[in-house]
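Down below is the structure, laid out as structure tokens.
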Amino acid sequence: MDSGEIPAALTHVYDASAERAHRLISRLQKKPQLVANHHLLSSQSIDLVVEAASQDAVRDAALSVLQNRKDLMIMSAGALLDESVFAVLEDACREFGRTIYLPSGAIAGLDGLASVRSELEEVTLTTTKHPDSLRGAKFFAAHDMSADEITKPTTIFRGPARNAVSMFPANINVAALLSLAGLGAQRTEVSIVADPSATKNSHRIEARGRFGRMTFLTENVPDQDNPKTSRLAALSAVEMLRRICSEGIRVGT
Ligand SMILES: NC(=O)c1ccc[n+]([C@@H]2O[C@H](COP(=O)([O-])OP(=O)(O)OC[C@H]3O[C@@H](n4cnc5c(N)ncnc54)[C@H](O)[C@@H]3O)[C@@H](O)[C@H]2O)c1
């Protein structure tokens, strides 16, 4: 947007940390206005609010955005695995005639998976990360274990996406997206491998059903500006924004 590549303008920014908001604004040529809270965001004359903050931000602000008749893009997709949050937001989209966009984030293949949703029998996700990327997850406290103890590739979790959410809340957006596009959080099987030699975050998705089989593998490098996030996740948000803002020929389902 700032480069003019996407026909849209970033007009307002809100971040709970004013310092981080200022840091972002300082890097942009066309300066958006900084607002003091999310109500001031959703009450502006804008078309779309992009959430790239946290699951709390979705819980706190998403409904008000829709009620103010703005569309919403959500990066913290894990928030939607809470069935009550999902139901409230889905109802609000219908009532206020708005759309919530969920970019594919750090994975590929959601288009194919959603296309065969009615024929799916099994979906599995194997996420492999360096133990440092998993540090701080509730899982370690619950199992009286430390990420430092892992010296070789180890499958530390295997279970439904629903359980992965509670054990690895900060690493679960991918499992949430997969669940929402496919078989739901109870029937999407997740394995998490901690690998001290991993230099990339990888996600392997396998799906099977009447349609045949699909396998998707993404091996993500960290984003240059934000090493916690995969570069693909940021690029997928940009691509979705481009689609929202463009008319004409659309490629892909
Ligand atoms: N869908 C995906 O594949 C995918 C991939 C990467 C990250 N994510 C998610 O996107 C979100 C942002 O990721 P990030 O790496 O940029 O995080 P980050 O921590 O680098 O930045 C988040 C920013 O949002 C602000 N923030 C947090 N909660 C807020 C709130 N309630 N109200 C206002 N501001 C708030 C923080 O101050 C911070 O500046 C996270 O929830 C992350 O899990 C999703």
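State all residues of region 23-51 that are surrounded by 16 or more Cβ atoms within 10 Å (Cβ to Cβ), in contact with a helix residue (DSSP H, G or I) (Cβ under 9 Å, 6 or more places away or on another chain) and either of a type in the set (A, V, I, L, M, F, W, C) or in contact (Cβ under 8 Å) with a residue 24 or more places away in the chain (or both); if no residue qualifies, say none.
Listed by number, the residues that qualify are V35, H38, L41, S42, L48, V49, V50, E51.
Looking at V50, V58, which one is of a type in the set (V, I, T), within 30 Å of L178 (Cα to Cα) and in a helix (DSSP H, G or I)?
From the options V50, V58, the qualifying one is V58.
For the structure I just gave you, tell me whether A207 is modelled with pLDDT under 95 and either in a strand (DSSP E or B) or surrounded by 19 or more Cβ atoms within 10 Å (Cβ to Cβ) (or both).
So A207 fails the test.
Of everything in region 129-153, what is within 13 Å of V193 (Cβ to Cβ), of a type in the set (K, R) and either in contact with a Lys or Arg (Cβ under 8 Å, 6 or more places away or on another chain) or surrounded by 11 or more Cβ atoms within 10 Å (Cβ to Cβ) (or both)? Give them in sequence order.
Once the filter is applied, which keeps residues that are within 13 Å of V193 (Cβ to Cβ), of a type in the set (K, R) and either in contact with a Lys or Arg (Cβ under 8 Å, 6 or more places away or on another chain) or surrounded by 11 or more Cβ atoms within 10 Å (Cβ to Cβ) (or both), region 129-153 yields only K129.
Does any residue in region 202-229 that is closer than 21 Å to A77 by Cβ come within less than 8 Å, Cβ to Cβ, of a residue that is exposed (fewer than 13 other Cβ atoms within 10 Å of the Cβ) six or more places away or on a different chain, and which pairs are these?
Once the first residue is closer than 21 Å to A77 by Cβ and sits in region 202-229, its partners that are exposed (fewer than 13 other Cβ atoms within 10 Å of the Cβ) give R204/T215; I205/T215; E206/R213; E206/T215; A207/R213; A207/T215; P222/K228.
Name the pairs whose Cβ atoms lie under 8 Å apart, with the first residue in region 115-142 and in the same structural domain as N163 (by TED's automatic domain parsing) and farther than 12 Å from A207 by Cα, the second of a type in the set (S, T, Y) and in a helix (DSSP H, G or I), and 6 or more positions between them or separate chains?
Hits for this filter: K138/S166.
If you check R213 against the conditions, is it surrounded by 14 or more Cβ atoms within 10 Å (Cβ to Cβ) and either of a type outside the set (G, A, S) or under 15 Å from the mean Cα position of the chain (by Cα) (or both)?
no
Could you pull out the residue among A62, A87, A92 that is more than 8 Å from the ligand (Cβ to nearest atom), farther than 25 Å from N226 by Cβ, small (G, A, S) and touching a helix residue (DSSP H, G or I) at 6+ places or on another chain (Cβ under 8 Å)?
The conditions single out A92.
How many of the residues making up region 231-253 are surrounded by 13 or more Cβ atoms within 10 Å (Cβ to Cβ), closer than 21 Å to A114 by Cβ and touching an Asp or Glu at 6+ places or on another chain (Cβ under 8 Å)?
3
Tally up the residues in region 166-180 that are under 22 Å from A114 (Cα atoms), crowded, with 23+ Cβ neighbours inside 10 Å and not polar (S, T, N, Q), please.
The number of residues fulfilling the criteria is 6.
Among (1) at pLDDT 95 or above; (2) within 26 Å of G209 (Cα to Cα); (3) in a helix (DSSP H, G or I), where does V65 come up short?
Here V65 clears every test but (2).
Only one residue in A92, A79, A57, A87 is small (G, A, S), closer than 21 Å to L241 by Cα and at pLDDT 95 or above. Which one?
A57
When you go through (1) under 15 Å from the mean Cα position of the chain (by Cα); (2) free of Cβ contacts under 8 Å to residues at least 24 places away in the same chain one by one for L241, which number turns out not to apply?
Looking at each condition in turn, L241 falls short on (2).
Only residues that are assigned to a helix (DSSP H, G or I) and either over 25 Å from E119 (Cα atoms) or more than 16 Å from the ligand (Cβ to nearest atom) (or both): list them for region 146-164, please.
Of everything in region 146-164, those that are assigned to a helix (DSSP H, G or I) and either over 25 Å from E119 (Cα atoms) or more than 16 Å from the ligand (Cβ to nearest atom) (or both) turn out to be A147, D148, E149, R162, N163.
Please specify each residue of region 166-179 satisfying the condition of being within 12 Å of the ligand (Cβ to nearest atom), under 14 Å from L80 (Cβ atoms) and in a helix (DSSP H, G or I).
Selection gives P169, N173, V174, A175, A176, L177, L178.
The values are calculated or read from the model by the stated rules, or taken from the named source; none is laboratory data. Every value quoted in this text rests on a predicted model; they were computed, and no experiment measured them. Heads up, the Cβs are rebuilt from the backbone with ideal geometry, glycines too, and the neighbour counts pull from every protein chain shown.
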